[in-house]
Each structure stands twice: as C-alpha cells, then as structure tokens.
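Engineer: One structure coming up, written as structure tokens, with questions to follow.
The values are calculated or read from the model by the stated rules, or taken from the named source; none is laboratory data. Keep in mind the model is a prediction, meaning the values are calculated, not measured. Neighbour counts are summed over all protein chains in view; Cβ atoms, including those assigned to glycine, are modelled from backbone coordinates with ideal geometry. Surface areas here come from the heavy atoms of the whole protein model, side chains and all, with no ligands, DNA or RNA. Shrake-Rupley method; radii C 1.70, N 1.55, O 1.52, S 1.80 Å.
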Amino acid sequence: MTKHREERIPIVGMRKKIYKNLVQSAFTIPHATGMEEVQVDALITYKKKLAEQSNVHITYLPIIMKIVAQMLQKYPIFNATIDEKANEIVLKKEINLGVAIATPEGLIVPVIKETDEKTIEEIAIELQDVTERARQGTLKITDIAGGTFTISNTGAKGGTYATPIINFPQVAILGVHAMKERPVILLDRTIGIGTMMGMSLSFDHRIIDGDLVGLFMNDLKEAIENIH
C-alpha cells in the first residue's frame, strides 16, 4: 500500500487575507525591532488589587493596553499610517488598539475603539467579548476595522522576545511576552527574585527613528514598573 507523502491545505478565507496582509507588510515596510525587559512585580500586585475590587475578570492585557494608549498620546507618531499616494504621514487622533488573537482560522486582530477614553474594566469587558466572538467566528467587519496600533500578546507559553510583523498599514506593533521569575538586582543593590517580561516593538523605519523608540520603550517600562 502506497503512503501519501504530503498533505495540501488550501489557503482560503481568513487565512488568505492574513497571508496577503503579512506579505504586503513585510515587503512594503522596512521593519526594525526594539526590545526591552520590564520588571512586572508592581503590575502583578496592581492586577491582583483590581481583581479583588471588581466584578469583571481582569487580566494583565487590559492594564497594559491602557498604559500603551497613554504612551501613544505622548508619542503620536506610533499611532499613524502612511498615505503612499500623497506621500504624507497621517497621525490618527483616535487611539484604537488592535489585539492579535489566535483562532482556528488564523490570527485575527479585533479592535478596541478609543482605548484611551475607556477604563481598564471597560477594556476588559470589550476584550473578553471580541475574543470569544473571534474564536467562534462571529466577528463583524466593524470589529476588525479602524485599528491604529496593534498589541501581540504571546502569553505565558510565549518566548522572551520576538520580532512581530506590523499590521499594515499601521507603523508599529508591540509584542508582549511571557513573565518569568529570575534573579534581579534590587534597589539596594542586593540580589533578589523578580518577575521579568520581555517587550518587542517593531516599527516602520521610514518614519520612526531608533532614538524615539528608545524613549517610547523607556517610558512604557517606567509606567509598568511603577504602576500603583
């Protein structure tokens, strides 16, 4: 009996859209990625406190989304697109954060509109809703349209760093990675145990320079490490 030596899977539907978008992004945008390591013990404490005070299921992502929205207000160049025909940078006045969600059909990016104007609880409720509907395949076009910046959360099983591909036609994407305990140098210069998380910011090097990425990441790191 002859065994089949290969299996072919058609590239159709949502996977085909993802396929085309990633190719367009990779071959249109000159990607560069800045990386930073963040101590998240204060974030863990803050999330626990919020969870105790709220009837809403709070995860780390809505908190990080709220902080990122504040950073985008300070650094609007990251909340932009490029109008290729007009040769113009288009700074978006709304902050609409897309969140990459793995589904059986592939990676889908639903959008939380006006994230900066919502509370962490409101973000958490919307995020849970779109996540469930993304996995059920019941999202509407309006749920995935209008994003201005994307966050890719690799979760507890993810690695320390990655080089995420920008969600075209946006100009930047933030990868948020696994939290891991390891030895750290404390404020009194002794060695202790801290929980560390890697972050990766891929950006369009045509309009964003490395020094600005450094400022963005440093401010994001400080905001996360000092949240209370």
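Engineer: Would you pick out the residues in the stretch 58-75 that are open to solvent by less than 60 Å² (accessible area, probe 1.4 Å) and assigned to a helix (DSSP H, G or I)?
Structural biologist: LEU61, PRO62, ILE63, ILE64, MET65, LYS66, ILE67, VAL68, ALA69, MET71, LEU72
Engineer: In the stretch 135-209, which strands (runs of 3 or more DSSP E) lie fully inside it and hold 1 or more residues that are open to solvent by 60 Å² or more (accessible area, probe 1.4 Å) and in contact (Cβ under 8 Å) with a residue 40 or more places away in the chain?
Structural biologist: Hits in the stretch 135-209: 149-153, 172-185.
Engineer: For the stretch 19-57, which residues satisfy the criterion of being modelled with pLDDT under 95, assigned to a loop (DSSP other than H, G, I, E, B) and of a type in the set (A, V, I, L, M, F, W, C)?
Structural biologist: ILE29, VAL56 - these are the residues of the stretch 19-57 that are modelled with pLDDT under 95, assigned to a loop (DSSP other than H, G, I, E, B) and of a type in the set (A, V, I, L, M, F, W, C).
So that you can scan it fast, the table gives a plain yes or no per residue for (1) of a type in the set (Val, Ile, Thr); (2) more than 21 Å from VAL213 (Cα to Cα):
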residue	(1), (2)
PRO62	no, yes
LYS66	no, no
VAL90	yes, no
VAL109	yes, yes
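Engineer: Write out, first by first residue and then by second, each pair whose Cβ atoms fall under 8 Å of each other, whose residues are 6+ apart or on separate chains, and whose first residue, in the stretch 81-97, is part of a strand (DSSP E or B) while the second is of a type in the set (D, E, K, R).
Structural biologist: Between residues of the stretch 81-97 that are part of a strand (DSSP E or B) and residues that are of a type in the set (D, E, K, R), the close pairs are THR81/LYS92; ILE82/GLU88; ILE82/ASP204; ILE82/ARG206; ILE89/ASP83; VAL90/ASP83.
Engineer: Follow-up. Which residue out of VAL184, VAL176, VAL213 is touching a helix residue (DSSP H, G or I) at 6+ places or on another chain (Cβ under 7 Å) and on the phi < 0 side of the Ramachandran plot?
Structural biologist: Result: VAL176 is the single residue among VAL184, VAL176, VAL213 that is touching a helix residue (DSSP H, G or I) at 6+ places or on another chain (Cβ under 7 Å) and on the phi < 0 side of the Ramachandran plot.
Engineer: Further, regarding this structure: Among the residues that make up the stretch 57-79, is at least one of them in contact with a Pro (Cβ under 6 Å, 6 or more places away or on another chain), farther than 30 Å from ILE185 by Cβ and touching a residue at least 24 places away in the same chain (Cβ under 8 Å)?
Structural biologist: Checking the stretch 57-79: not a single residue is in contact with a Pro (Cβ under 6 Å, 6 or more places away or on another chain), farther than 30 Å from ILE185 by Cβ and touching a residue at least 24 places away in the same chain (Cβ under 8 Å).
Engineer: Working only within the stretch 101-111, note down all residues that are free of Cβ contacts under 8 Å to residues at least 60 places away in the same chain and either open to solvent by 80 Å² or more (accessible area, probe 1.4 Å) or in contact with a Pro (Cβ under 9 Å, 6 or more places away or on another chain) (or both).
Structural biologist: Those that are free of Cβ contacts under 8 Å to residues at least 60 places away in the same chain and either open to solvent by 80 Å² or more (accessible area, probe 1.4 Å) or in contact with a Pro (Cβ under 9 Å, 6 or more places away or on another chain) (or both): ILE101, PRO104.
Engineer: Follow-up. Can you name the number of the only condition in (1) surrounded by 15 or more Cβ atoms within 10 Å (Cβ to Cβ); (2) at pLDDT below 95; (3) among the hydrophobic types (A, V, I, L, M, F, W, C) that ILE11 fails?
Structural biologist: (1)
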